[in-house]
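Trainee: The following block contains the structure, expressed as structure tokens.
The values are calculated or read from the model by the stated rules, or taken from the named source; none is laboratory data. The model shown is predicted, which means the values in this text are computed figures rather than measured ones. So basically every Cβ, Gly included, is an ideal-geometry build from the backbone, and we count neighbours across all protein chains shown.
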Amino acid sequence: MATRSIDIVGRRSRATNPADLAPKGFLRPRMVVAASSNAEAVRFAGGLMFDRVTAGWDVVVLTMEGGDPRPLQILGARPIDLEAALDYRFNGRRPQTIAIEAGLYDTDPRVRGRFARALEDADSEIRICGDRRTESAGPGAFRHRLSAAARAFKAQALVAAAASGADEVEEVFQSGDTFYHSKSA
């Protein structure tokens, strides 16, 4: 059983045990989002996370900041410490979708290394979010049209994160393969 940290108010906080990356249901599809903060994860992929959770997916968000887990919990996602996850050697079933914030990719060589290995394994759909290149509908772009419920829950999660964000109808992601080759060119 994984140990969870508890804040002084007694609310459940982010998991620090990377074994929590294991899906909560044996056959549930899984999505992993890696971002520099909870607010960035919500801003760039909050609607997709909510829609996947309501479709029965297990959604895990890896961030470096320990901030308030409420924005992610509003969306139904489970926060996990990025540092612990990067140090953990996971040999289980791979997630079906991995979404990585472009800024985190640019600043952390360990994230880039894991990203490159995930591309080689080709077991997961890999998406990049939060980069100006994801704004265009060029080759490899993936547009997720948010449900009305996802827009409402994302708006509340942004308020909880004290983050700004427009009332977007869709979120745009770049294919991991296209993004990787544009960075290495």
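Trainee: What single numbered condition from (1) at pLDDT below 55; (2) in contact with a Gly (Cβ under 8 Å, 6 or more places away or on another chain); (3) of a type in the set (A, V, I, L, M) fails to hold for A35?
Mentor: With (1) at pLDDT below 55; (2) in contact with a Gly (Cβ under 8 Å, 6 or more places away or on another chain); (3) of a type in the set (A, V, I, L, M) applied to A35, the lone miss is (1).
Trainee: Using beta carbons and a limit of 6 Å, which pairs, at least six apart or on different chains, have the first residue in segment 102-126 and within 13 Å of T63 (Cα to Cα) and the second one of a type in the set (F, W, Y) and modelled with pLDDT of 85 or more?
Mentor: So the pair list comes out as V111/Y105.
Trainee: Can you tell me which residue in segment 126-163 is modelled with the lowest pLDDT, limited to those that are surrounded by fewer than 16 Cβ atoms within 10 Å (Cβ to Cβ) and within 22 Å of Q96 (Cα to Cα)?
Mentor: It comes out as P139.
Trainee: Out of all the residues in segment 149-173, which are touching a Gly at 6+ places or on another chain (Cβ under 6 Å) and closer than 30 Å to D123 by Cβ?
Mentor: Narrowing segment 149-173 to residues touching a Gly at 6+ places or on another chain (Cβ under 6 Å): 150, 154, 157-158, 171.
Across segment 149-173, the qualifying residues are A150, K154, A157, E171.
Trainee: Suppose we filter D81, D167 for residues that are modelled with pLDDT under 85 and charged (D, E, K, R); which single one remains? Before you say what the answer is, go through the steps one by one.
Mentor: Details: D81 fails: modelled with pLDDT under 85.
Of the residues listed, the single one that is modelled with pLDDT under 85 and charged (D, E, K, R) is D167.
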